[in-house]
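Here is the structure we will look at.
The values are calculated or read from the model by the stated rules, or taken from the named source; none is laboratory data. Since we're looking at a predicted model, the values are computed, not measured. In this analysis, Cβ positions are derived from the backbone assuming ideal geometry, glycine residues included, and neighbour counts consider all displayed protein chains.
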Amino acid sequence: MTGILLVGGDSSRFGSPKALALLGGETLAVRAWRILGQACEHRIAVGKAQDALGLPFPVLDDGRPLRASIVGLVAGLGAAPTDLCVALPVDCPLVTAEALDRLADACRDVAMSQLGPLPGAFRKRALPALERGELSIRRAIRSLDTAVVEIDSALLANVNTPADLTALEARLQAASDPIQLARTDQSSGAAVDRTTADSPSDASPHPPSKRRT
């Protein structure tokens, strides 16, 4: 299985590249890359070469001027060495390897959470539908065999603004359990439907996910 990290969002509401924002002493990009590494044998980060983020791993240029999640997803799926992939936006820092595994296990053409297609699992046969020019991933996959997996909505919290990040940082300092942290964060309203968005700590009590080939 290949993990696709999406780092090409415009971060307009955040004011600076979200990939470089710090949470719990590590950047959101490094955090997401680590989680993908727990679940996947292969990893690809996709973004814009022009952003020159200086991340400690290579970033595949998506080859398009448009900043949209579907652009990075298409580039990642096309470059992946495996049929099955999971895609994780860089601004969704509470997603766990276990949640990614559940999406992968359910994937037919696509598997998504109850909130939307990202994070999600995709097979390469979804590419033609994603490449038709639709900017909404949800609309692009309407004709595909899509499974919906119920995931704790708090784990799907995303960082849109510096205030969101500050709130997560405060909760991270107060809670060592990422599930507890996520549920505490529900009060912030940070979990959103990620249909068109551009877009856990090491102390997790859950055993590390077995890396998927």
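Would you point out the residue of segment 21-62, among those that are of a type in the set (Lys, Arg) and over 21 Å from residue 160 (Cβ atoms), that is surrounded by the most Cβ atoms within 10 Å (Cβ to Cβ)? Residue satisfying both the conditions and the ranking: 43.
Listed here are the residues, each with its yes/no results for (1) within 18 Å of residue 36 (Cα to Cα); (2) out of contact with any Cys (no Cβ under 8 Å at 6 or more places or on another chain); (3) buried (at least 20 other Cβ atoms within 10 Å of the Cβ).
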residue: 97; (1), (2), (3): yes, yes, yes
residue: 122; (1), (2), (3): yes, no, yes
residue: 126; (1), (2), (3): no, yes, yes
residue: 132; (1), (2), (3): no, yes, no
residue: 139; (1), (2), (3): no, yes, no
residue: 155; (1), (2), (3): yes, yes, yes
residue: 172; (1), (2), (3): no, yes, yes
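Report whether or not residue 118 is touching a helix residue (DSSP H, G or I) at 6+ places or on another chain (Cβ under 8 Å), buried (at least 18 other Cβ atoms within 10 Å of the Cβ) and modelled with pLDDT of 95 or more. Yes.
Considering segment 1-95, the qualifying strands (runs of 3 or more DSSP E), each wholly inside and each with 2 or more residues that are touching a Lys or Arg at 6+ places or on another chain (Cβ under 8 Å) and of a type outside the set (Val, Ile, Thr), run over 2-6, 84-89. Taking every residue in segment 92-106 that is within 18 Å of residue 158 (Cβ to Cβ) and among the hydroxyl-bearing types (Ser, Thr, Tyr) and pairing it with any residue that is crowded, with 24+ Cβ neighbours inside 10 Å and modelled with pLDDT of 95 or more, at least 6 positions away or on another chain, the pairs with Cβ-Cβ distances below 9 Å are 96/35; 96/39.
Pick out the one residue from 45, 104, 99, 80 that is closer than 19 Å to residue 19 by Cβ and not polar (S, T, N, Q). Let's see the steps before the verdict.
Numbers: 104 fails: closer than 19 Å to residue 19 by Cβ; 99 fails: closer than 19 Å to residue 19 by Cβ; 80 fails: closer than 19 Å to residue 19 by Cβ.
It is 45.
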